[in-house]
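The values are calculated or read from the model by the stated rules, or taken from the named source; none is laboratory data. Since the structure is predicted, the reported quantities are computational estimates derived from the model, not experimental observations. Cβ sites come from the backbone with ideal geometry, for glycine too, and all protein chains shown count toward neighbours. The area values use the complete protein model at the heavy-atom level, side chains included, leaving out ligands, DNA and RNA. Shrake-Rupley method; radii C 1.70, N 1.55, O 1.52, S 1.80 Å.
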Amino acid sequence: MNILVTGGLGFIGSHTTIELIKNNHTVIIADNLINSKIEVLDKLSTLAGIQPTFYQIDVTDEAKLEEVFVNHKIDGVIHFAGLKAVGESVSKPLEYYYNNLVSTMILSKICVKYGVSKFVFSSSATVYGDQPSPLKEDMELKKTTNPYGETKAMSERILTDTSIANPNFAVSLLRYFNPVGAHESGFIGEDPNGIPNNLMPFVTKVAKGQLEKLSVFGNDYDTIDGTGVRDYIHVVDLAKGHVKAIENLKEGVNIYNLGTGKGTSVLELVNAFMKVNDIDVPFDIVGRRPGDIATCFADASKAEKELGWKAELGIDEMVRDAWKFEQNNR
Ligand code: NAD
Ligand code: UDP
């Protein structure tokens, strides 16, 4: 298939591009580089052996986006492009609503116009809100706690309604849990601008000595050791899930959790990082981070049953590859 990957130079999009090329798909990338670097394109060419066609465009720019569909016969779209920093979304809500919703609307409008029948969307476990894990796809969604999460819930509704009105437009809503790790080459990985918000990139920067200490946000949750529990998933497993999702897309709206089904606490993750990589990560226990929930992990059985996809890599591979990338990434 000819697959348009929006946000294809970002963390998850770049890993997915490699897996798509490995599975003989042709990838066309649209990215405005707001949170990625052009160097990733050359790295993708080295890793995949083929240079994907690249458009440096904003997906909210309808005219420029439409040119891509005029130039290529697009069979399917994987829509990663979006802003994703939860804290920033609270201080800049309009930027988040505009970027994440307008991109989804324009892209789906053009897909319908050009008869593109396969659309895979990057959603998030955040749409479940605070309810007991394991989280299942058929649970009722609860209110999200920030504008970023709201853009995911609203995008899901926009795509669902578009699919209902256009039965030829099949959609897969992929709810990611906590993507971490990097390609095993250490060539591409997660490279956030500024001080990381997420746990794993923060840990790698502390290990490297670029940040002094990790703050563990709370040890008084009702969990195995009091720290927050999440379902970390290796980004390469997640990337493979996208290949399965677009290759096996059924008509209508299909929702899948992409997680491992296993919860890991902050301290378990930090201890695994120190042990596997034989390096110290100094940390302090501090107060809870506002908006955090105690536990969040997936019931990942639907993706296994319907897509034949299951996460294969564990915490040890995640911390190993995250550290390898950090060391390579100067
Ligand atoms: P990322 O920031 O690394 O990648 C997103 C890419 O999209 C970047 O390359 C950025 O330059 C590009 N982009 C953003 N807005 C654009 C626009 N209007 N036009 C063109 N390009 C644009 O993020 P990621 O971690 O790879 O996440 C990919 C998607 O998955 C996002 O939609 C994110 O919300 C979602 N998601 C991520 C996580 C996570 O923890 N990483 C969890 C759940 C969902
Ligand atoms: N966390 C932490 N210190 C940090 C960043 C995160 O203790 O500097 C904890 C956070 O409270 C949560 C877990 O690590 O329990 C995962 O947080 P992250 O921001 O990576 O993902 P989230 O699940 O919140 O989207």
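Overview of values
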quantity	calculated
Lone unmet requirement of (1) farther than 16 Å from Asn219 by Cβ; (2) open to solvent by 50 Å² or more (accessible area, probe 1.4 Å) for Gly261	(2)
Subset of the range 77-96 that is over 18 Å from the mean Cα position of the chain (by Cα) and more than 16 Å from ligand 2 (Cβ to nearest atom) - its residue that is least open to solvent (accessible area, probe 1.4 Å)	Pro93
Thr144 being within 14 Å of ligand 2 (Cβ to nearest atom) and surrounded by 19 or more Cβ atoms within 10 Å (Cβ to Cβ)	yes
Checking Asp61 against (1) under 22 Å from the mean Cα position of the chain (by Cα); (2) within 9 Å of ligand 1 (Cβ to nearest atom); (3) under 22 Å from Met105 (Cβ atoms), the condition it does not meet	(1)
Tally of residues being modelled with pLDDT of 95 or more, in contact with a Ser or Thr (Cβ under 9 Å, 6 or more places away or on another chain) and open to solvent by less than 60 Å² (accessible area, probe 1.4 Å) across the range 192-230	11
Evaluation of Asp58 against (1) touching a helix residue (DSSP H, G or I) at 6+ places or on another chain (Cβ under 9 Å); (2) part of a helix (DSSP H, G or I); (3) more than 16 Å from His242 (Cβ to Cβ); (4) of a type in the set (Asp, Glu) (one fails), failing number	(2)
Residues satisfying the stated conditions in the range 201-248, i.e. within 16 Å of ligand 2 (Cβ to nearest atom), in a loop (DSSP other than H, G, I, E, B) and not acidic (Asp, Glu)	Gln210, Leu211, Lys213, Gly218, Asn219, Tyr221, Thr223, Ile224, Gly226, Thr227, Gly228
Answer residue from the range 139-196, given it is assigned to a loop (DSSP other than H, G, I, E, B) and charged (D, E, K, R) and is nearest to Ala48 (Cα to Cα) among those	Glu184
Selected residue (criterion: modelled with the lowest pLDDT) from residues of the range 106-135 that are open to solvent by 50 Å² or more (accessible area, probe 1.4 Å) and under 23 Å from Lys84 (Cα atoms)	Asp130
Selected residue (criterion: farthest from ligand 1 (Cβ to nearest atom)) from residues of the range 107-131 that are among the β-branched types (Val, Ile, Thr) and either closer than 10 Å to Thr151 by Cα or out of contact with any Ser or Thr (no Cβ under 6 Å at 6 or more places or on another chain) (or both)	Val112
Flag for Ala182 being more than 19 Å from Ile78 (Cα to Cα) and open to solvent by less than 10 Å² (accessible area, probe 1.4 Å)	yes
